[in-house]
Structures are given as C-alpha cells and as structure tokens.
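Have a look at the structure below before the remarks.
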Amino acid sequence: MVPWKVLVIDDEEGIHGITRMVFRGYEFEQRPIELISAMSGAQARDLLVQHPDIALALLDVVMETDSEGLQLVEYIRNELNNRDIRIILRTGHPGYAPEAQVVVNYDINDYLSKAELSASRLLTSVVVGLRSYRDIRSARVQQFNDSTSSFPDHQIVADQLQRQMAPILKQSQRLQQFDLNPVAQDITVNLHAQHQRLDNSIGLLNNADQPFLSEFIELVDLLNDVLHIFLPQSRRDGWLLDYRLDNRLPAQLKSDLNRLKQLLMSAVELAILSADGHDIKLTLQPARQPGYLMLSVEQDSGLPVFTATPWSHLLQQYLQRLSDELQGQLIERDESGTIHCLLPL
C-alpha cells in the first residue's frame, strides 16, 4: 500500500528520534506512515518540492530564525499553493508564537506545545490530520463524479461522438497504408494523430462504467505511440516531446491499456497548456514505494504558465479519475509544473 507521507521539520535530532519511536509500525487505514525528516526550513522546502504528495507536516517554529516555521507555513500555502497538506505546529517556545495569534493569522491545522506533548496526544493529532487530508482528496473525486452525473446529456453526446469517430479513425489509419507521395503521407499521418487526440478527449467525457481489461503492455511501444500522436503539433510549434524509460523497470506492465493511454495523453495535454512552447519530457521510473512506478510529465526549461481554463480544470479531474481507476495516485503539480502519478507495477 502507498504510505502516508509525514514530514517532520525540527532542528533537534532528539525530536526526530522520539517521533520515529511513536510511529514505528503504526498504520492508518491499513496504510503505513512514512516519516521524512528535515533539520531546517531550507531542507524542508526542497523536500516539499521532491514529495508533493506529503499529507501532513509536523513543524517546529524556531529553527534558523525565531519565525522560520511560520515563514514555512506561508511558503507552503502561498508559494506552493498547497492547501491540502495538513500542518501541525510544534513549539518549545510558545512565547515566540502565541497559540491564539498563530491560529488566527496562519493557515495551520493544530498547535502543540512540546512541553505538554505526550505520545498519545501526538498520535491523535496526526490521525485527525491524516483523516482530514483523506477527506479532502476524496471530496475532489466526489466533486468530479457529481459534476458529470449532473449532466446526463454529456453522456449521450459522448456516446454518439465516439460512434461517429470510430469509422473516421479507421479510415485515417487505412490512408497511411497507401503508397502516397511524401507530402500526402505526411498529411495522413498528421490527420490520424489529430483524430486520436480528438478521440481521447471524447473518451474522457464518456463517464460510463467500462470494465477494467488487464493485459500485458509493452512500455516502449506505448510511449512511442503517445509521442507520435503529439508529433505533428511539436513539429508545427517548434518544441520537442521526449521520454525516458528507466531501465530498472520491467519491459511490460500489466494494466488496462485504454485507461493507461488516456492517462498518458491527458497528462501531456495538460503539460502542453502550461509549457508555453518549451520542450516536454515524459519519465517512467521506479517509485520509492515497492511495487509502484512514478510517471512524471515535465517541461525542460522556463517557468510554467498555469492557465486556469475550464479545459485544464477538467483535465486535472480526468487525471484524478483515471489514476483512481488504475489503482494509482495522482499527485498535484509542483511549482515547476511537473505532473506526477503513482501507478502499480
């Protein structure tokens, strides 16, 4: 099972040791708790970017400076724009950060004094925080399901469009088999790629319960197929789409091919919206969690442009749904614009 990630931020090594002792072997909802340690605010900032799926942070107030912990709260909420992570403030110096003032002025979820802190109180606070994080993530999925179920006409339109698209896709594929001149051949390849992207978008609208068809998938073939679909646009607009497949991964993955391809294509579509013409790289590598791989889609350079459009919002919801159906976990885009997704091997 994917563990709950808890970030412990404190400049006292003893606090990390005590926390590890309290949570050793503890599970919440049959999922283990993985403690990640940071000895400073600077180190915590790096770890928050590396692990955008951190569920909860246990945060000391006084570290490099008397207000480093409070500055880190502002960094998480306002710069990373992470509203999901639960933040528990622990302090041995209540005078530097009075509880009433901190709770009112900073977006934290609990306040604990080290002097009065027991193992049971810490455990209770963390469990409450993890439960809150779980509910926030579940609410997003439910919101998507409610929004789509509220418009049954969308389902009817999606079904009809898919039926109409099927013969068009078949014909564009057949065109590529003819002995055409290079210009005509290039046109047919581009046409078929556009049809596939349109078919994927229509397929995302189709919210009907499709059976999960598990089969062995050649990862190289799948990645090459996805790259060729976006090749016409990358050539036209002057950016590159490349992939890296970690050689530690098996050559084959057993999963639902249609859903996995939809997820890859949708992640690339979302990355294109924020890449602003920069190159995009798709990476598959082993995840920290045994039995899982990490799918990442990132732009190689430049600052991401997070354009809030209805289509980008829907794409993120579709990615969440597909991740859940594949028994994986979508991780929010980090500040570099990278999309991360955990998938079972």
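The values are calculated or read from the model by the stated rules, or taken from the named source; none is laboratory data. If you're wondering where the values come from, they're calculated on a predicted model, not measured in any experiment. No Cβ is skipped: glycine too gets one built from the backbone with ideal geometry, and neighbour counts run over all protein chains shown. Calculation scope for accessible area: heavy atoms of the full protein, side chains included, ligands and nucleic acids excluded. Shrake-Rupley method; radii C 1.70, N 1.55, O 1.52, S 1.80 Å.
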Scanning the stretch 119-137 for residues that are open to solvent by 70 Å² or more (accessible area, probe 1.4 Å) and touching a strand residue (DSSP E or B) at 6+ places or on another chain (Cβ under 9 Å) gives 121, 128, 131
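Hey, any hits in the stretch 323-334 for a residue that's modelled with pLDDT under 80, open to solvent by 40 Å² or more (accessible area, probe 1.4 Å) and among the β-branched types (Val, Ile, Thr)? Steps first, answer last, please.
Just the residues of the stretch 323-334 that are modelled with pLDDT under 80, to begin with: 331-334.
Restricting the remaining residues to those that are open to solvent by 40 Å² or more (accessible area, probe 1.4 Å) gives 332-333.
Add one more test, that the residue is among the β-branched types (Val, Ile, Thr), and what stays is none.
No - not one qualifying residue is present in the stretch 323-334.
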All conditions in (1) at pLDDT below 85; (2) in a loop (DSSP other than H, G, I, E, B) are true of residue 311 except (2)
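Per-residue answers, yes or no, for (1) at pLDDT 80 or above; (2) surrounded by 13 or more Cβ atoms within 10 Å (Cβ to Cβ):
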{"position": "69", "(1), (2)": "yes, yes"}
{"position": "101", "(1), (2)": "no, no"}
{"position": "112", "(1), (2)": "yes, yes"}
{"position": "117", "(1), (2)": "no, yes"}
{"position": "144", "(1), (2)": "no, yes"}
{"position": "148", "(1), (2)": "no, yes"}
{"position": "151", "(1), (2)": "no, no"}
{"position": "167", "(1), (2)": "no, no"}
Which fully enclosed strands (runs of 3 or more DSSP E) of the stretch 212-264 have 2 or more residues being of a type in the set (A, V, I, L, M, F, W, C) and within 21 Å of residue 323 (Cα to Cα)?
-> 214-218
Go through the stretch 34-67 and give me each residue that's open to solvent by less than 30 Å² (accessible area, probe 1.4 Å), under 22 Å from the mean Cα position of the chain (by Cα) and of a type in the set (Asp, Glu).
-> 53
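I'd like to verify a number: residues in the stretch 222-236 that are charged (D, E, K, R) and open to solvent by 80 Å² or more (accessible area, probe 1.4 Å), how many?
If we filter the stretch 222-236 for residues that are charged (D, E, K, R), which is where we start, we get 225, 235-236.
Subsequent filtering for residues that are open to solvent by 80 Å² or more (accessible area, probe 1.4 Å) retains 235-236.
Count: 2.
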Could we say that residue 184 is of a type in the set (A, V, I, L, M), under 30 Å from residue 321 (Cα atoms) and modelled with pLDDT under 75 here?
-> no
